[in-house]
Structure formats: structure tokens, C-alpha cells
Amino acid sequence: MSVKVEIVTQFEEVAKQQEKTLAPLSDELVLLDSGLDSLCLAIVVARLEDKLGIDPFTADDAEFPVTLGDFIRVYEDARR
Amino acid sequence: MRNVVVTGGSRGLGLGIVRRLLAAGYRTIAIARKESNPLSLVMEAANRERPGSARFVAFDLAEIGEIARLVKALRHDVGEIYGLVNNAAVGFDGVLALMPTSQIEQLVRVNTLSPIVLTKYVVRTMMADGGGRIVNVASIIGFTGYSGLSVYGATKASMLGFTRSLAREVGRMGVNVNAVAPGFVDTEMTQGLADEQRQQIARRSALRRLPDVEDVANAVEFLLGDNARSITGTVLTVDAGNTA
Ligand SMILES: NC(=O)c1ccc[n+]([C@@H]2O[C@H](COP(=O)([O-])OP(=O)(O)OC[C@H]3O[C@@H](n4cnc5c(N)ncnc54)[C@H](OP(=O)(O)O)[C@@H]3O)[C@@H](O)[C@H]2O)c1
């Protein structure tokens with residue numbers, strides 16, 4: 001599965017599990033407007049670590065991305 | 001079998017906690033820099049009865065930068081982590097005015113920074129798995145004074161503040177966070193205490209004695225158990241009434 005598909009899947013699963021309404025997902029979507037709050041985003045990051053074996057935010061200087069597109073790019077870059 | 005990680009599980013209170021949790025049916029993962037003989041014996045006995053129920057992982061918790069990798073490896077090796085007992089700590093004493101800054105730093109690193117970072121990585125997996133329990137081992141020195149323990153006391157008070165706010169933060173994700181505050185217990189950490197001081201502490205305690213390792217382990221087991229499901233953000237003092 002591509003990184004992007006996996007990320008979208010996790011957004012959808014966490015939203016369902018936490019009973020949140022997910023905004024339509026697009027690259028421009030600001031993460032804080034996605035319907036998931038910061039705790040839910042932490043769960044997404046933990047699950048992606050399980051699925052993809054990476055956590056790009058562990059490094060001290062990594063800033064949390066603003067949009068979904070940025071978020072996906074961080075994972076794609078970490079994968080390379 | 002529920003997995004519980006116990007830091008500093010090789011000696012003293014941590015070893016007592018491991019022993020109690022094994023008896024209660026948990027699977028324990030003890031972390032310390034080196035395995036001790038008493039822990040090896042406890043693990044051998046447990047694994048004979050329930051194979052795979054007791055593990056040891058050698059790790060220096062002062063290595064903050066390695067903690068993320070530690071948690072990743074734990075998840076990989078044992079699966080879901082149900083409980084985390086932040087028990088490992090160092091107890092250097094000495095007057096502040098003469099304490100080497102490196103020692104102050106080491107106290108804060110092992111007793112405060114390390115459990116906070118470890119909790120960061122473990123609590124995420126607990127939230128993703130639908131819940132869990134965290135027990136922070138503080139000390140009565142976190143809310144009463146003891147000359148020579150100002151830095152140690154600062155680190156233990158920090159764990160109480162951490163417990164309360166984190167409990168509020170992760171409660172809705174099904175994670176309970178509590179602290180245990182033991183009074184003086186006879187372990188290697190308190191060996192420096194003269195007999196006379198020990199007797200004085202006992203005399204000043206409501207029950208006229210010191211609590212023992214099992215008393216503290218029982219409190220930890222309670223906070224991890226189903227009977228404590230509605231308890232979070234609290235401090236359970238186990239000091240034979242020393243601060244009553
Ligand atoms: N004893 C008391 O009277 C008392 C009273 C109140 C609160 N407490 C608290 O209870 C907890 C346990 O104390 P204790 O008396 O059982 O202490 P202890 O006998 O000195 O044991 C400390 C444990 O922590 C481990 N540890 C220390 N530094 C470590 C590091 N850098 N990395 C990994 N593990 C490390 C030790 O193993 P290694 O050395 O092999 O690493 C050992 O297993 C502490 O949080 C302490 O503040 C104790």
C-alpha cells in the first residue's frame with residue numbers, strides 16, 4: 001500500500017473509532033480542521049509507526065506539519 | 001496476559017512490584033541497566049510456571065535519545081502494553097550548595113526527563129490500543145521536606161504534577177494515570193540512612209513502623225487492576241502514616 005493510502009486509511013479509522021466527523025480529505029486541508037484533534041493525530045502517528053515502521057516526528061527538530069499534504073510529504077520523505 | 005513494563009524492576013521496590021504483578025497474573029517486562037540475581041530467580045520461577053511471563057530488558061534510561069527505539073522494540077516483541085510503572089530513579093543526597101551540577105543534571109535526567117519521554121512513547125500506543133494504566137512512583141519527599149534531598153524532592157514533586165495533568169489529557173482515551181508516594185522503605189537507595197534516623201522516622205509515623213516493599217507493590221497492583229478503573233489523577237501515599 002502506498003504511504004498516502006495508508007495515511008488516509010488511518011485518518012478514516014481513527015475518526016470512526018473516536019466518533020469524529022472527518023472533513024473531506026485533500027492536500028490543502030489544514031490538519032486542525034480535519035475533525036481530528038491533537039490527541040487523535042497522536043494516535044494516527046502511533047498507528048502509522050506500527051504500519052510503516054517509521055515515526056518522522058521523533059527527531060528533535062521535526063516540526064508538526066500544517067496541512068495534510070505536508071503531513072504525507074513528511075512520511076514520503078522519511079520512507080526514502 | 002496483560003503486559004506491564006516496570007522500570008527499575010531489578011532491585012528494591014521495582015523488584016517487589018515485578019514479583020507482585022507476576023503473582024497477580026500479569027506479564028512483566030523489567031527494565032534496568034543490569035539484571036540482578038534476585039530478579040533472575042523471580043523470573044526463573046515465574047517462567048517455569050507460566051512460560052514467557054517474565055522478561056528483562058537491559059537499558060540505560062539516562063539515554064533519552066534511545067527511548068523511542070526501546071518502545072518500538074518492546075511493542076514489536078511483546079505486543080500491546082497495558083501498564084507502565086515508572087519506578088526507576090536515583091537517590092543521590094547532599095546539600096544543594098555543594099552538589100556538583102553534573103549530579104543535579106543526572107537526577108533530573110533519570111528521575112524526571114526519562115520517565116516523561118518514556119511515557120510519551122508508551123501512552124501513544126496505549127491510546128491507539130484503546131487504553132492502559134500508568135503508575136508513577138513518586139515519594140513523600142515530593143510534598144514534605146527533607147534536608148539533603150532538595151533536588152531529589154524536586155524530581156519527585158515533578159512526577160506528581162505530571163501525573164495530574166497527564167491524567168486530564170489522556171483520560172478520554174481510556175488511559176488512567178496515578179502516582180504512588182512511598183515513605184521511607186528499606187532498599188539500597190536508603191542504605192545511607194543511619195539506624196537512628198530510621199528509628200526516628202518510624203517513631204514519627206502513625207503506625208510506628210516503616211512501610212515495606214510489599215506494601216508499595218500492593219498499592220501499584222491495585223492501581224493497575226480493574227478495581228481502580230475509576231481512579232485517575234490521584235496520589236496514593238504508602239508511608240505508614242508518616243505524613244498523616
Ligand atoms: N526506598 C525508599 O525509601 C523510597 C521512598 C520513596 C520513593 N522511592 C522511589 O521508589 C523508586 C524505587 O526506589 P528503590 O528504593 O527501589 O531504588 P533502588 O533500590 O536504588 O533501585 C533502583 C532501580 O532503578 C534502576 N535504575 C537506576 N538508574 C537507572 C538507569 N539509568 N537506567 C535504568 N534503570 C535504572 C536500578 O537498576 P540498575 O542500577 O541496574 O540500572 C534499580 O532497578 C524510586 O522512584 C524512588 O524514588 C523510594
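The values are calculated or read from the model by the stated rules, or taken from the named source; none is laboratory data. As the structure is a computational prediction, the values presented were derived from the model and not from experiment. For neighbour counting, all protein chains shown are included, and Cβ atoms are generated from backbone atoms with ideal geometry for every residue, glycine included. Just so you know, the surface numbers come from the protein's heavy atoms only, side chains and all, with ligands and any DNA or RNA stripped out. Shrake-Rupley method; radii C 1.70, N 1.55, O 1.52, S 1.80 Å.
Odds and ends about this structure:
- For the stretch A:1-54, with all protein chains in place and a probe radius of 1.4 Å, 51% of the accessible heavy-atom surface sits on carbon or sulfur.
- Rg over Rh [alpha-carbon atoms, Kirkwood Rh] for the stretch A:3-58: 0.93
- The alpha carbons of chain B occupy a box of 46, 35, 35 Å along the principal axes, longest dimension given first.
- Ligands, DNA and RNA are left out, and with a 1.4 angstrom probe the accessible area of the protein assembly as shown is 48 Å² per residue.
- Computed from backbone phi, the HN-Hα couplings of the stretch A:14-31 come to 5, 4, 5, 4, 8, 6, 10, 8, 8, 6, x, 7, 8, 4, 7, 4, 6, 3 Hz, rounded to whole numbers (Karplus: 6.51 cos²θ - 1.76 cosθ + 1.60, θ = phi - 60°; Gly and Pro given as x).
- Only protein atoms count toward the accessible area here, which uses a 1.4 Å probe; on the stretch B:3-238, the carbon and sulfur part of that area reaches 50 percent.
- Ellipticity estimate at 222 nm from DSSP helix runs (n ≥ 4, -39,500 (n - 2.57)) divided over the protein assembly as shown, nearest 500: -14000 deg cm²/dmol
- D_trans [Stokes-Einstein, Kirkwood Rh over alpha-carbon pairs] for the protein assembly as shown, 25 °C, 0.890 mPa s, µm² s⁻¹: 117
- Along the axis of the charge dipole computed for the protein assembly as shown (Cβ charges of +1 for Lys and Arg, -1 for Asp and Glu, origin at the Cα centre), the listed residues B:L70, B:I81, B:A194 are led at the positive end by B:A194.
- The stretch B:1-110: trypsin sites (Lys or Arg not before Pro) falling in loop per DSSP and having at most 11 other Cβ within 10 Å: B:K34
- For the protein assembly as shown, the antiparallel share of DSSP beta bridges with both residues in that region comes to about 5%.
- Accessible area that becomes buried as A packs against B, both chains, 1.4 Å probe, Å², nearest 100: 1200
- With 20 Å² as the minimum drop in accessible area between chain alone and full protein complex (1.4 Å probe), the qualifying residues in the stretch B:116-162 are B:Y121, B:R124, B:M127, B:A128.
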